[in-house]
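Have a look at the structure below before the remarks.
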Amino acid sequence: MYLLYLDDAGSVKSANETHFVLSGICVFERQVHYLTSGLDDLAKQICPQDHEQLEFHGSHMLPGKGFWRSIRDKDERRKHIRNALAECRKLRGTWALFGVVVEKAAISPEDPIEFAFEQICSRFDAFLKRQFRMGNKQRGLIILDKSTRETRLQALATEFGKSGHRYGILHSLADVPMFVDSAATRAIQFADLVSYALWQKFERGDDQFFNVIGDSFDAEGGVVHGLLHRKSPTVFCDCPYCLTRGGRLI
Ligand SMILES: [Zn+2]
């Protein structure tokens, strides 16, 4: 089974924020252990005395909240974010990142959360179908952080089980999306970092974290399917999604 761990970044209601991000990592069931071990080892190096309690959250690490406040050097905290993101590159076999970045004004009055959730589901479904065509018959499961700020996401996942969605992904999924506590799941913490990397790039113009993972979104034949950037047509963008589509909005 392929597991897609997701987390969000950005508030839909906040007028100060331009984007909403939903993203994460898809791993095969056996790979969860290796991703978890990699992040555990990193936690042991950073905080040997209390590594099990140490959580990787971009919005805590970069500004220096909680434990991260004790690391006074911001460049050091930045390095820890980059190192944590790089853990996915050690995985063997088939895995991929998935992400949807929505410029809220570009899809108004459509609901950015609903748009992002459907797009992620659709792209995960396409990945599973491609695996199926290659003889790898696996089902998928979507796992979300239960403390997501956007409760609308929880409602959507619940509705999903009752009615499916317009892309008909239900056939590819083993069950309805599940919610887990990020404190107990390193893979959800990794999804948090992926969303934070996208957030920093698209909202803040800082691509140092994105550069660690930018080439890891699901792709086939040089076309990136695992990343969607919905933006205003007049905005030029060099992200992998826009670049493989001539920089235009599709
Ligand atoms: Zn773009």
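Cross-link partners of K231 among aspartates and glutamates, defined as those whose alpha carbon lies under 15 angstrom from its own and excluding same-chain residues fewer than eight positions apart: E17, E103, E110, D111, E203.
By other beta-carbon atoms within 10 Å, ranking M61, M1 with the fewest at the front produces M1, M61.
Among the cysteines of the chain, C26, C47, C88, C121, C239 have no other cysteine beta carbon within less than 4.7 Å of their own. In loop segments of segment 54-142 as defined by DSSP, the trypsin sites (Lys or Arg not before Pro) with at most 14 further C-beta atoms inside 10 Å of their C-beta are K65, R72, R92, K137, R139. Counting only lysines at least 8 places from K129 when in the same chain, those with an alpha carbon closer than 24 Å to its own are K137, K162. In a simple Cβ point-charge model (Lys, Arg +1; Asp, Glu -1; nothing else charged), the chain has a dipole of about 440 debye relative to its Cα centre.
Give the shape of segment 42-97 as rounded, prolate or oblate, defined through the alpha-carbon gyration tensor: a ≥ b ≥ c are the square roots of its eigenvalues, a/c under 1.5 means rounded, and otherwise the shape is prolate if a/b is larger than b/c and oblate if not. Because a/c hits 1.5 or more and a/b exceeds b/c, segment 42-97 counts as prolate. What lysines does K74 reach when the alpha-carbon gap must be under 28 Å and sequence neighbours fewer than 8 apart in one chain are set aside? Within reach: K44, K65, K90, K201. Springs join every pair of Cα atoms under 10 Å in this Gaussian network model of the chain, and among S172, S147, S195 the largest mean-square fluctuation is at S147.
Only helical runs count toward this figure. For the chain, summing -39,500 (n - 2.57) over DSSP H runs of n ≥ 4 and dividing by all residues gives -11500 deg cm²/dmol at 222 nm. According to the square roots a ≥ b ≥ c of the eigenvalues of the Cα gyration tensor, what is the shape class of segment 67-147, taking rounded for a/c under 1.5, prolate for a/b larger than b/c otherwise, and oblate for the remainder? The shape class here is oblate.
Where a ≥ b ≥ c are the square roots of the eigenvalues of the C-alpha gyration tensor, would you call segment 20-165 rounded, which needs a/c under 1.5, or, failing that, prolate if a/b is larger than b/c, or oblate? Note, shape of segment 20-165 comes out oblate. Among S59, L141, Q154, which residue has its Cα furthest toward the positive end of the charge dipole of the chain, with +1 on Lys/Arg Cβ and -1 on Asp/Glu Cβ? Towards the positive end, the residue furthest out is L141.
Every number in this text was worked out from the coordinates using simple rules, so none of it is lab data. It should be emphasised that the depicted structure is a prediction, and the values quoted were computed from it without experimental measurement. Cβ sites come from the backbone with ideal geometry, for glycine too, and all protein chains shown count toward neighbours.
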